[in-house]
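First comes the structure, then the notes that go with it.
FYI, it's all coordinate maths here, none of it is from the lab. As the structure is a prediction and not an experimental result, all values here were calculated from the model. We place every Cβ from the backbone using ideal geometry, glycine too, and count neighbours over all the protein chains shown.
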Amino acid sequence: MKTIAILGSTGSIGTQTLEVVRSNPDLKVAALAAGSSVEKLEAQVREFRPGVVGMWSPEAARDLKARISDLDVKVVSGMEGLLEIAVLPEISVLVTAIVGMIGIRPTVAAIEAGKDIALANKETLVTAGHIIMPLARKRGVSILPVDSEHSAIFQSLNGEPSGRIEKILLTASGGPFRGMKREQLARMQVEDALKHPNWSMGRKITVDSSTLVNKGLEVMEAGWLFDVEPDRIQVVVHPQSILHSAVQFVDGAVIGQMGVPDMKLPIQYALFYPDRRPMGGRRVDLFELGRLTFEKPDTETFPGLELAYRAARLGGSMPTVFNAANEKAVALFLEKRISYLQIPELIESAMEEHAVIEDPTVEQILETERLTYEWIAGRIS
């Protein structure tokens, strides 16, 4: 029996993780945490019967506590609640599926407590990879990627030392606006950006996919996970989303992982690694596909990707500025307060204003996030 906790259980990754749990009776859920979806979390609590549940806001926690008063479940809230869940003695794996930099402190706490991390919170490595990865090595903890692309790289590397990597081929679907030019993007609205052609994801990450900012964040995450500098990570637009990523080795061999677009595969692989379990669902049919296509990303039309490479090369606190500026800009776009093309413009402006901190602490990372939010809010107001 393997016991897990899930931070972000009502989101896309969290709910799919629970689908994996349903199919594997030797997985047990000890704790769940969510942001504000009280009704969804109540339903999950009643089905999976965790011992501890958390809500981000105290008000939501009080609402949930009243709803499940008939159950013997401890309800916690806020960052203190996430930290308590992260170090529960009975869990062996913490699934970090929350969005944003609030994932940093619980991840650090879990690693310190010797828990393996099934990582779906990319902001943790983007902003604090210089803290997380050395700490994981020191504690002998595994960081198991849940993103489909990073799981594909991890699977492609199975049995190979990272020193044999020539470059990583990080695939991208291209999002809903692939092939468009800037004059067309100027007319795009929120509803357009949320129509991803292949994947069903949360609103923020779907917008990030359309701008290629999400791929930029994944470049930074891959650099930390696989100890590869940014210029050895090549983004390849692959509209079919069948090849989930690949590794080119020093002898020229390219090994990749293919599968239908389904997040449950990388989730299950992370939870049971190194085992590979049977899983239902569709399979890749190469005859039906006919062909797979690959394109260079258009970084002139979608500058978010090149800005991410710039942030990665500068390092230090600059990836935090890139991430925080994007988070704030996407939130403003979803609120229909800025246009689509203003998202990368705000990211670039915030980066230009920032003086890099070379080796930021967690406190400095979170302060940089706050200052970036404030700067963008002031710019828009």
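Details
- Label zone at Glu374 (point 7 Å along Cα-to-Cβ), backbone N below 20 Å, the range 315-329: 317-329
- Among the GluC sites (Glu not before Pro) in the range 297-381, those located in a DSSP loop and surrounded by at most 12 other Cβ atoms within 10 Å of their own Cβ are Glu300, Glu335, Glu358.
- Of the trypsin sites (Lys or Arg not before Pro) in the range 157-259, those whose Cβ has at most 14 other Cβ within 10 Å and which sit in DSSP loop: Lys181, Arg187, Lys195
- Electrostatic tally near His130: other residues with Cβ closer than 10 Å to its Cβ, Lys and Arg +1, Asp and Glu -1, net -2.
- Stretching the chain fully between Val284 and Lys74 yields a gain of 71.3 nm (0.36 nm per residue, less the alpha carbon separation).
- Global geometry of the range 2-145, whether rounded, prolate or oblate, following the gyration tensor of its Cα atoms and the 1.5 cut on a/c: prolate
- Ordering Ala246, Pro176, Val260 by the projection of their Cα atoms onto the charge dipole of the range 171-272, which places +1 on the Cβ of Lys and Arg and -1 on the Cβ of Asp and Glu, puts Pro176 at the extreme positive end.
- The simple spin-label model puts a point 7 Å past each Cα toward its Cβ; for Lys336 and Asp251 those points are separated by 5.8 nm.
- Note on the chain: with charges restricted to the Cβ of Lys and Arg (+1) and Asp and Glu (-1), its dipole about the Cα centre is near 800 debye.
- Selected from Gly378, Leu292, Thr368, residue furthest toward positive end of dipole (the range 283-381; charges at beta carbon): Leu292
- Summing charges over neighbours of Gln16, with a neighbour being any other residue whose Cβ is under 13 Å away from its Cβ, gives -1 when K and R count +1 and D and E count -1.
- When +1 charges are put on Lys and Arg Cβ atoms and -1 charges on Asp and Glu Cβ atoms, the dipole computed for the range 131-271 relative to its Cα centre reaches about 280 debye.
- Neighbour-limited loop hits for chymotrypsin sites (Phe, Trp or Tyr not before Pro), the range 272-381 (at most 14 other Cβ within 10 Å; DSSP other than H, G, I, E, B): Phe294
- Residue of Leu135, Leu307, Leu271 that the Gaussian network model of the chain assigns the largest fluctuation, springs spanning Cα pairs under 10 Å: Leu135
- Largest-first principal axis extents of the Cα set of the chain (Å): 57, 53, 40
- Of the two radii for the range 315-381, the radius of gyration is 0.98 times the Kirkwood radius, both from the alpha carbons; that is the Rg over Rh value.
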